[in-house]
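Accompanying notes for the structure given below.
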Amino acid sequence: MSADPVLTLDDLAVWSRAGTSLAVLGHPIKHSISPAMHNAALAELARTDRRFGDWKYFRFDVHPDDLPRALDLLHARNFRGVNLTVPHKVIAFDRVRRVNAAAQPVGAVNTLLWSEQGWQGFNTDGYGLAMALRETLNAELSGAHVILLGAGGAARGAAVECLQRGCASLSIANRTRENLTTLIAILKPLAGTIPLRGFDPSSPPPDLPTHALIINATSAGLRETDALPIKLGALPRPAAVFDMIYNPPETPLLRAAASQSIRCANGLSMLVHQGAKALEIWTGVPAVRTAPVMTGATRVALAAR
Ligand code: NDP
C-alpha cells in the first residue's frame, strides 16, 4: 500500500487514531502530493518538539455532496485542521462558521482550523502566490503591472492578492467572456484607483503595459496537447511569466517564455508556500521555517511519479 493511501468516508466512520490528525479533502485526490509535503514538515518538527510526535496528515476522496458529513465526522474524530482542494474550496466557504479577512473577498477557503466555535476558514493561496513570485522570480506584486490569465477560483484569489498588495494595474484575459465579466464585477469594488480591465486572449489590446508580470491561472497546460492560454508574441515584452501549474513542470507557456529568454517559473513554489502557511495556522510554527523541507519533499514526490 502507498505511504499515503487515498482514504474515504468509510475509513473516517471507523477512525480510531489517537494522535492529532490533519487532512486534505478533494475529488479526485489521488494526484495530491500534500500528504508527502506536510508529513515531511511534521516529521522535521517532531525531531525538536515532542508536541508534534503524533501529528499526521491524510488525504480523503470526498464527493462534494458529502462535504458537510465529512466536516462533521472530521470534527467528531478530533481532526485539528483540513485543507480543501477542487471542488471543495467554494462550497466550504458557505459552510464554515467564520472566514478570516483574507478569504472573504476570494469567496473560497483552502484551509480549515477547528475552534470552539466550529470550523474556521482561511485562504492561503494568495500568500503562496506572493511568496512564490518573490522566491522564484524576485518579483513583487506591489507596484507591478499584472496580466492575469483565467477567471476561475485560482484567478480570483490571485486577482484579490494583486489588488490588496497594490499592483500598478491588473489586466485579465479569459476564454469565456461571461466568466471574465463576472470576475471583473466582483473585483471592481476592491480595485479603488488601480486600473482594472478584462480582455479577450485571442485579441489582446495594443496598449497593454510592457514589462508586465504574466500569471497563468488557467488549466491550459495541464495536458501536453493544450493550446497556449495566450500567444506571448501578441503581448508587449513581459518582465516574467509565472504558471500556477506545477505538474507537468514545464507547460507550453513556460516553454514559449524560455524560448524567448523571458524569466519564468512554475507553480511548485506556490503549492509549498500555501501549504506552509496552512501548517502555520494549525501548529503556530512560522511558514518560513517549514517551507524548505516541504520544497524538498514535493520534489521527491513529483520525481517518484
Ligand atoms: P477553475 O476550474 O476554477 O478555472 C479554470 C480556468 O482555466 C478558467 O478561467 C477556464 O476558462 C480556464 N481554462 C480551462 N481550460 C482552458 C483552456 N484549454 N484554454 C484556456 N483557458 C482554459 O480552476 P482553478 O482556478 O481552481 O485552477 C486553475 C489552475 O491553477 C489549475 O491548473 C490548478 O492546478 C492551478 N492551481 C495551482 C495552485 C498551486 O498551488 N500551484 C493553486 C490553485 C490552482 P473558462 O472560464 O473559459 O472556462
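What follows is calculated from the coordinates using simple rules that are stated; it is not laboratory data. All of these numbers come straight from a predicted model, not from anything done at the bench. Neighbour counts are summed over all protein chains in view; Cβ atoms, including those assigned to glycine, are modelled from backbone coordinates with ideal geometry.
Of note:
- When only alpha carbons are used to place a centre, the stretch 151-223 and the stretch 282-300 end up 29 Å from one another.
- When the alpha carbon gyration tensor of the stretch 96-212 is reduced to an equivalent ellipsoid, the three semi-axes, largest first, read 27, 17, 12 Å.
- Ordering P105, F122, S16 by Cα displacement along the dipole of the stretch 14-170 toward the positive end leaves S16 in first place; charges were set at the Cβ atoms of Lys, Arg (+1) and Asp, Glu (-1).
- Helices that extend 27 Å or more along their long axis by alpha-carbon positions and average at least -0.5 on the Kyte-Doolittle scale are absent among the DSSP H runs of the chain.
- Percent antiparallel among DSSP beta bridges (both partners in the chain, rounded to 5): 20
- Checking Cβ-Cβ separations below 4.7 Å across the chain identifies C264 as cysteines lacking any candidate disulfide partner.
- Within the stretch 277-295, backbone nitrogen closer than 19 Å to the virtual label 7 Å beyond the Cα of R98 toward Cβ: 278-285
- The label-point distance for D207 and V86, in a model that sets each label 7 Å from Cα toward Cβ, rounds to 3.6 nm.
- Residues C167, C162, arranged from fewest to most other Cβ atoms within 10 angstrom of their Cβ, appear as C167, C162.
- Once the chain from L190 to R47 is taken as fully extended at 0.36 nm per residue, the excess over their C-alpha distance is 47.1 nm.
- Our estimate of slack between D66 and A168, defined as 0.36 nm per intervening residue step minus the Cα-Cα distance, is 32.5 nm.
- Per principal axis, descending, Cα span of the chain in whole Å: 61, 38, 34
- Taking Lys and Arg as +1 and Asp and Glu as -1, the other residues whose beta-carbon sits under 15 Å from that of P292 total +2.
- Ranked for footprinting exposure by Cβ neighbours inside 10 Å, fewest first, L213, L163 give L163, L213.
- Virtual spin-label span in nm between I262 and T182, 7 Å along Cα→Cβ: 2.8
- Gyration tensor over the Cα atoms of the stretch 26-136: the corresponding equivalent ellipsoid has semi-axes (square roots of 5 times the eigenvalues, largest first) of 22, 19, 15 Å.
- Ranked list, fewest to most other Cβ atoms within 10 Å of each Cβ, for S269, S169, S21, S34: S169, S21, S269, S34
- Kirkwood-based Rg to Rh ratio, the stretch 81-131, C-alpha trace: 0.94
- Our summary of shape: the Cα atoms of the stretch 154-305 have principal axis extents of 45, 36, 27 Å, ordered from largest down, in whole angstrom.
- One chain, two ends: S142 and V300. Fully extended at 0.36 nm per residue, the span grows by 53.6 nm beyond their Cα-Cα distance.
- The chain - mean residue ellipticity at 222 nm from DSSP helices (-39,500 (n - 2.57) per run, n ≥ 4, rounded to 500): -12000 deg cm²/dmol
- Each other residue within a Cβ distance under 10 Å of D125 adds +1 if Lys or Arg and -1 if Asp or Glu, for a net charge of +2.
- Pairs of Lys residues in the chain that lie 8 or more places apart, or on two chains, and have C-alpha atoms under 27 angstrom apart add up to 8.
- Net charge contributed by nearby residues that have their C-beta within less than 11 Å of I29 (K/R +1, D/E -1): 0
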